[in-house]
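Worksheet: the structure to be examined is printed underneath.
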Amino acid sequence: MKKSIIALFMASLAIVACKSHEEKKAAFIQEVESIEEGFNQLIMEVYADSTLTDIEKNDKVNAAYEEAIAKYIEVNRKAIEKNRDNDIAVQALSYIYGELTNKEILEYVDMLSPQMQQDSSVVKIAEGARKAMLTEEGAKFLDFTIEDSDGQSVSFSDYVGKGKYVLVDFWASWCGPCKREIPNIRAAYEKYGPKGLEVLSVAVWDKPEDTKAAAKEHGVVWSQIINAQQIPTDLYGIRGIPQIMLFGPDGTILKRDLRGEGIDAELAKYFAE
């Protein structure tokens, strides 16, 4: 009888603990979502304000984003620190790893309990960070070979490490930000191409027919590698696209994460007027 009572008592404690954990998890998710919803609401209000100029709207949006992302990271950071031995920390890490440096990602992974470090999503995040650290600025390029959409074998080294500066855009046809960067890449191609710059678009996570259609629609007239899928993104630890990188003549990675006006600013360092 005594053993039965103890067993029932322990079972009831497990149920209460489980309920408490699920409540904590729900509260955490709600807090994260409230930050996202608040930012999205503010964006709609800013763009609906006819008294603001486009420049003023962009300034407000950028300021709101910086504030929201700082709060977002802090909420998730605290969740990781307080839940190192359960799945709340895993979920928090999955929310913010794209906003962290590779070193920071591995530091957060090290915070987790050995059991949580074995979670499949954590393993994947950590592996991506370690690979990205091997291809940080200053490292030599890593080669890969794929079968393109026409059944031909093509290697990254067919373009990179051949004695020229190469601007490489990892992109996909369904990616809005990728397509918004194409005019900036085209401007770089037209301005620096005559001076020796090579430009290469590498289609990832995309259907070849969609890549070709989007490339034609948006005027991608420079070299392309189509149908690379996840091979280069796994190799270079690319967590989001577009990922625009500049490689030196010997294949050294000179710059990652180029966007907008930053593309021209970086290229201007290597091509004299």
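The values are calculated or read from the model by the stated rules, or taken from the named source; none is laboratory data. Computed from a prediction, not measured in an experiment: that's the story for all the values here. Cβ coordinates were reconstructed from backbone atoms using ideal geometry, including for glycine residues, and neighbour counts include every protein chain displayed. Note: areas computed on protein heavy atoms with side chains; ligands, DNA, RNA excluded. Shrake-Rupley method; radii C 1.70, N 1.55, O 1.52, S 1.80 Å.
Side notes on the structure shown:
- Among the candidates TYR65, TYR47, TYR95, residue that is farther than 29 Å from THR135 by Cα and aromatic (Phe, Trp, Tyr): TYR47
- Applying the criterion of at least 3 residues that are hydrophobic (A, V, I, L, M, F, W, C) and touching a residue at least 12 places away in the same chain (Cβ under 8 Å) to the strands (runs of 3 or more DSSP E) found wholly in region 99-184 leaves 166-171.
- Test: residue in region 260-271 that is over 30 Å from GLY151 (Cβ atoms), of a type in the set (D, E, K, R) and touching a Leu at 6+ places or on another chain (Cβ under 7 Å): yes
- Summed over region 234-243, the residues that are in contact with an Asp or Glu (Cβ under 8 Å, 6 or more places away or on another chain) and under 18 Å from THR101 (Cβ atoms) give a count of 1.
- Members of region 135-163 that are touching a Leu at 6+ places or on another chain (Cβ under 7 Å) and either acidic (Asp, Glu) or within 30 Å of ALA272 (Cα to Cα) (or both): THR135, GLU137, LEU142, TYR159
- Every pair of residues 6+ apart whose Cβ atoms lie under 8 Å, when the first sits in region 219-231 and is farther than 13 Å from PHE156 by Cβ while the second is assigned to a strand (DSSP E or B) and of a type outside the set (Gly, Ala, Ser): TRP222/GLU198; TRP222/VAL199; TRP222/LEU200; ASN227/ILE146; ASN227/GLU147; GLN229/ILE146
- Of all residues making up region 83-133, the number that are of a type in the set (D, E, K, R) and under 22 Å from GLN243 (Cα atoms): 7
- Look at region 57-73: where a residue is of a type in the set (Phe, Trp, Tyr) and a partner is part of a helix (DSSP H, G or I) and open to solvent by 40 Å² or more (accessible area, probe 1.4 Å), sitting 6+ places away or on another chain with Cβ atoms under 8 Å, you get TYR65/PHE39; TYR72/GLU36; TYR72/TYR95; TYR72/GLU99.
- Qualifying residue in region 171-189 (condition: open to solvent by 70 Å² or more (accessible area, probe 1.4 Å), modelled with pLDDT of 95 or more and closer than 19 Å to ILE253 by Cα): yes
- The residues of region 140-161 that are in contact with a strand residue (DSSP E or B) (Cβ under 8 Å, 6 or more places away or on another chain) and surrounded by fewer than 18 Cβ atoms within 10 Å (Cβ to Cβ), listed by number, are LYS140, ASP143, PHE144, THR145, GLU147, ASP148, SER153, SER155.
- Residue list for region 244-257, filter: open to solvent by 10 Å² or more (accessible area, probe 1.4 Å) and under 12 Å from the mean Cα position of the chain (by Cα): ARG256, ASP257
- Filtering ALA203, ALA214 for residues that are without any contact (Cβ under 8 Å) to a residue 60 or more places away in the chain, touching a helix residue (DSSP H, G or I) at 6+ places or on another chain (Cβ under 8 Å) and farther than 21 Å from PHE156 by Cα leaves a single hit, ALA214.
- Hits in region 43-89 (condition: exposed (fewer than 13 other Cβ atoms within 10 Å of the Cβ) and either within 30 Å of LEU112 (Cβ to Cβ) or of a type in the set (Gly, Ala, Ser) (or both)): ALA48, SER50, ALA63, GLU66, ALA70, GLU74, GLU81, ASP85
Residue-by-condition table, conditions (1) more than 18 Å from ILE80 (Cα to Cα); (2) at pLDDT 90 or above; (3) polar (S, T, N, Q); (4) touching a Phe, Trp or Tyr at 6+ places or on another chain (Cβ under 7 Å):
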position: SER12; (1), (2), (3), (4): yes, no, yes, no
position: PHE28; (1), (2), (3), (4): no, yes, no, no
position: GLU31; (1), (2), (3), (4): no, yes, no, no
position: GLU37; (1), (2), (3), (4): yes, yes, no, no
position: ASP49; (1), (2), (3), (4): yes, yes, no, no
position: ILE69; (1), (2), (3), (4): no, yes, no, no
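- Pairs linking a residue in region 32-43 that is farther than 16 Å from ALA70 by Cβ to a residue that is among the β-branched types (Val, Ile, Thr), with Cβ atoms under 9 Å and 6 or more positions apart or on different chains, are ILE43/VAL61.
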